[in-house]
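The values are calculated or read from the model by the stated rules, or taken from the named source; none is laboratory data. What you see is a predicted model, and the numbers here were worked out from it, not measured in a lab. Methodologically, a virtual Cβ is constructed for each residue, glycine included, from the backbone with ideal geometry; neighbour enumeration extends over all protein chains shown. Keep in mind that these areas ignore ligands, DNA and RNA; they rest on the heavy atoms of the full protein, side chains included. Shrake-Rupley method; radii C 1.70, N 1.55, O 1.52, S 1.80 Å.
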Amino acid sequence: MTDETANGERRGASRAGPNPTVYAQLAGIVLFWGANWPLMKLALVDIGPLAFCAVRLVGTVASVAALSPILRFPLLPHRGERLMLAVVGLLQVAAMMGLSNIGLQFVTPGRASVLAYTMQMWALPLGFLLLGERITRRKAAAAGLAFAGVVVFFNPTLVNWGDTNALIGNGFLLGCAASWALGATLYRRRVWRTPFWTQTLWQIAASAAAMVPLALLTESGHPIHWSGSLLAVIAYNCLIATGLCYWWWGKALSVMPASQAGQIVCLVPVTALLLSAVFYHEPLNLGVLLSVALIGAGIVLTARTR
């Protein structure tokens with residue numbers, strides 16, 4: 001299939017609009033990504049955060065590469081795009097995963113996911129500084145809502161300011177969101193000729209190439225307790241949370257705007273928070289609900305301004 005034919009088919013699909021299957025797949029993404037936060041917390045009992053990230057990335061590279069003959073995408077990006085795609089991948093894949101895993105050691109899964117999804121709040125000033133994007137009143141209001149939610153999330157009734165580990169964990173998760181936002185902003189600086197799946201594979205492969213030696217260097221003394229639960233979480237991350245969900249995400253973007261799909265995916269931290277409340281007894285008091293409502297409103301309002 002030629003690129004022109006594929007693009008024509010995608011345009012035709014986009015005009016036809018998403019069918020119920022696409023919405024079911026987006027619902028699956030919300031469920032699987034939301035469930036992955038409690039599962040990752042479970043895995044970190046048996047493995048170091050960077051080692052888990054490295055194993056996940058290597059397994060994902062293998063699973064996505066195996067899709068190449070099925071989805072008919074090349075393994076290598078176009079020349080001239082490889083370095084920048086690698087940089088974007090290091091920021092929004094390697095750094096995002098690594099920082100979130102480190103933070104997840106000290107923070108409950110629901111809280112961790114909500115902080116990670118403040119990415120769009122950080123993307124606003126980065127878009128202004130790096131892309132020259134205009135900050136409209138609606139965008140400013142969206143960022144203000146999300147920031148207010150973060151402030152509520154850090155009030156002394158929800159965070160023990162005397163607990164150094166808790167502060168470090170929350171800091172790493174905010175760093176995860178900022179790194180994700182920086183990678184996404186740099187990605188938007190140009191129009192890419194490389195197909196979506198090749199971009200994804202290249203970013204994950206670059207991240208794996210950096211994460212494996214980093215994990216060996218920093219966690220060589222951290223024993224890995226191989227267990228059935230750890231292997232199950234790794235398989236889930238490689239095959240379901242990354243391989244399958246990114247496949248569904250690519251299919252959704254071919255028939256609907258990214259802003260519309262993004263609004264649905266904003267339900268991921270809500271799902272993670274609810275599952276964390278069930279399995280980790282994470283409290284859902286008024287402060288938590290108010291913070292999540294403010295951050296969620298900011299994220300949705302941001303998506304609607306695109």
*asked:* Restricting to the stretch 121-147, count the residues that are open to solvent by less than 80 Å² (accessible area, probe 1.4 Å), within 22 Å of the chain's Cα centre (by Cα) and either more than 13 Å from residue 301 (Cα to Cα) or charged (D, E, K, R) (or both).
replied: 7
*State the number of residues belonging to the stretch 95-115 that are among the hydrophobic types (A, V, I, L, M, F, W, C), part of a helix (DSSP H, G or I) and open to solvent by 10 Å² or more (accessible area, probe 1.4 Å).*
5
*Report, by residue number, each residue of the stretch 176-205 that is assigned to a helix (DSSP H, G or I), over 20 Å from residue 61 (Cβ atoms) and touching a Gly at 6+ places or on another chain (Cβ under 8 Å).*
176, 185
*Whichever residue in the stretch 148-176 is free of Cβ contacts under 8 Å to residues at least 24 places away in the same chain and closer than 21 Å to residue 297 by Cα and, among such residues, is least open to solvent (accessible area, probe 1.4 Å)*: 154
*asked:* As an exercise: evaluate residue 220 against (1) over 16 Å from the mean Cα position of the chain (by Cα); (2) in a helix (DSSP H, G or I); (3) polar (S, T, N, Q) and give the number of the one condition it does not meet.
replied: (2)
_Among the residues of the stretch 79-86, are any closer than 30 Å to residue 283 by Cβ, touching a residue at least 40 places away in the same chain (Cβ under 8 Å) and open to solvent by less than 60 Å² (accessible area, probe 1.4 Å)?_
no
*asked:* Regarding the stretch 200-212, can at least one residue be identified that is of a type in the set (Ser, Thr, Tyr) and in contact with a Phe, Trp or Tyr (Cβ under 8 Å, 6 or more places away or on another chain)?
replied: yes
*In the stretch 31-70, how many are crowded, with 20+ Cβ neighbours inside 10 Å and either among the β-branched types (Val, Ile, Thr) or not in a helix (DSSP H, G or I) (or both)?*
6
*Right, residue 224: surrounded by fewer than 14 Cβ atoms within 10 Å (Cβ to Cβ), β-branched (Val, Ile, Thr) and touching a residue at least 24 places away in the same chain (Cβ under 8 Å) or not?*
yes
